[in-house]
Amino acid sequence: MKCLLHTCCGPCTIYPLDVLRDEGVEVSGYFHRSNIHPYKECRRREETLLEYAGDMDLAVVCEEAYDLEGFLRIAAHRESDRCRHCYHSRLTAVATIARRENFDCFSSTLLYSRYQNHDLIRATGEEIARAAGVTFLYRDFREGWQEGITRSKEIGMYRQPYCGCIYSEKDRYYKKPKGLGAKGSRARG
């Protein structure tokens, strides 16, 4: 069976790649970049992934465009539900390529993360699979979370500190100053 695996980064690829190969699946990767901000972070993740892919004899196709504006259009004014739209965008892209290139199925390294909504990823993947005419291969890779972290550190792989989008970057680094109200103005005492 041939599977096109959406790969969000190098560290998240380690465990899913091992599992799928152990199952006898022939895996190729697809790196979707438009949701990753800033561009320097996107390039660093891509370079890390490609270096690992070279070491693991994993063919990877990288999205050619960097359509940050397209990502922002699907996420803006939907910030509380942005992941749903981001999952749909990325899984649609990988399913489209999987169908066009005659893969038997597609999957995603998003299924490795403890921080992602697995039920939503699975439902989205299955919905897109029906529309695209290619199978969504669901696997819960979270049991290998610590193994992937340990191995990525052992080989000195760049490990990103947030999901990738501009919103997750803010969630990771911005700490609301004390005394600020809901709109960011100083509370009066």
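Read the figures in this text as sums done on the coordinates, not as results from a lab. From a predicted model like this one, the values you see are computed outputs, not experimental measurements. All Cβ positions, even for glycine, are placed from backbone atoms using ideal geometry, and neighbour counts span all protein chains on display.
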Q) Within the stretch 27-48, is there a residue that is part of a helix (DSSP H, G or I), under 20 Å from residue 152 (Cα atoms), under 15 Å from the mean Cα position of the chain (by Cα) and not charged (D, E, K, R)? A) yes
Q. Filtering the stretch 137-164 down to residues that are over 15 Å from the mean Cα position of the chain (by Cα) and part of a loop (DSSP other than H, G, I, E, B), which residue is surrounded by the most Cβ atoms within 10 Å (Cβ to Cβ)?
A. 137
**Q.** Within the stretch 102-118, tally of residues that are out of contact with any Phe, Trp or Tyr (no Cβ under 9 Å at 6 or more places or on another chain) and under 23 Å from residue 18 (Cβ atoms)
**A.** 3
Q.
I'm told residue 2 meets every condition in (1) in contact with a strand residue (DSSP E or B) (Cβ under 9 Å, 6 or more places away or on another chain); (2) crowded, with 22+ Cβ neighbours inside 10 Å except one. Can you identify the failing condition by its number?
A. (2)
Q.
Out of everything in the stretch 76-116 that is under 13 Å from the mean Cα position of the chain (by Cα), farther than 23 Å from residue 61 by Cβ and touching a residue at least 40 places away in the same chain (Cβ under 8 Å), what residue ends up being surrounded by the fewest Cβ atoms within 10 Å (Cβ to Cβ)?
A. 115
